[in-house]
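Participant: What follows is a structure written as structure tokens; I'll ask about it next.
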Amino acid sequence: MASSSKVPQPHGGHKYHKIYRLRDAVGVQYADRVSKLASRQSNAAPGTPAYLAAYPEALTTTVEGLSKEEKRGMQKLADEWNEEGPPDEQKRK
């Protein structure tokens, strides 16, 4: 009988844990700005494939357009979410 060196893992032993970054915080806090920009860039309504394709670039443009102070605030918010978890409305998404 061969013995296994692997110890059985409890069910659910590997839980997914999102790591929030600057872009995540900007996407939540500046959602209206990003959405309007994605709509303008794509000439499409939110939720359509063209809009969704334009969204990452709109988010990047929004992040790049923030002042250093705004970026610091958003990074601080992302760090808080990593320590304490995101607000309830973000958890539902």
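The values are calculated or read from the model by the stated rules, or taken from the named source; none is laboratory data. Owing to the predicted nature of the structure, the values given are computational and were not obtained by experimental measurement. Note that each Cβ is placed from the backbone with ideal geometry, even for glycine, and that neighbours are counted across all protein chains shown. We work out accessible area using only protein heavy atoms, side chains counted, and drop any ligands, DNA or RNA first. Shrake-Rupley method; radii C 1.70, N 1.55, O 1.52, S 1.80 Å.
Participant: Enumerate the pairs (first residue in segment 56-70 and under 15 Å from residue 31 (Cβ atoms); second residue anywhere and of a type in the set (Ser, Thr, Tyr) and open to solvent by less than 50 Å² (accessible area, probe 1.4 Å)) with beta-carbon separation below 7 Å, excluding pairs fewer than 6 apart on the same chain, so at least 6 apart or on different chains.
Facilitator: 62/30
Participant: Of the residues 15, 6, which is open to solvent by 100 Å² or more (accessible area, probe 1.4 Å), modelled with pLDDT under 95, over 20 Å from the mean Cα position of the chain (by Cα) and not acidic (Asp, Glu)?
Facilitator: 6
Participant: Looking only at segment 70-80, decide whether some residue is assigned to a helix (DSSP H, G or I) and polar (S, T, N, Q).
Facilitator: Yes, some residue in segment 70-80 is assigned to a helix (DSSP H, G or I) and polar (S, T, N, Q).
Participant: To continue, here is another question. Of all residues in segment 36-53, how many are without any contact (Cβ under 8 Å) to a residue 12 or more places away in the chain and either among the polar types (S, T, N, Q) or under 14 Å from residue 65 (Cα atoms) (or both)?
Facilitator: Total meeting the criteria: 2.
Participant: Inside segment 18-38, can you point out the residues that are open to solvent by 50 Å² or more (accessible area, probe 1.4 Å) and hydrophobic (A, V, I, L, M, F, W, C)?
Facilitator: Result: 19, single match.
Participant: Which of the residues that make up segment 39-55 are part of a helix (DSSP H, G or I) and either charged (D, E, K, R) or open to solvent by less than 60 Å² (accessible area, probe 1.4 Å) (or both)?
Facilitator: 39, 40, 42, 50, 51, 54
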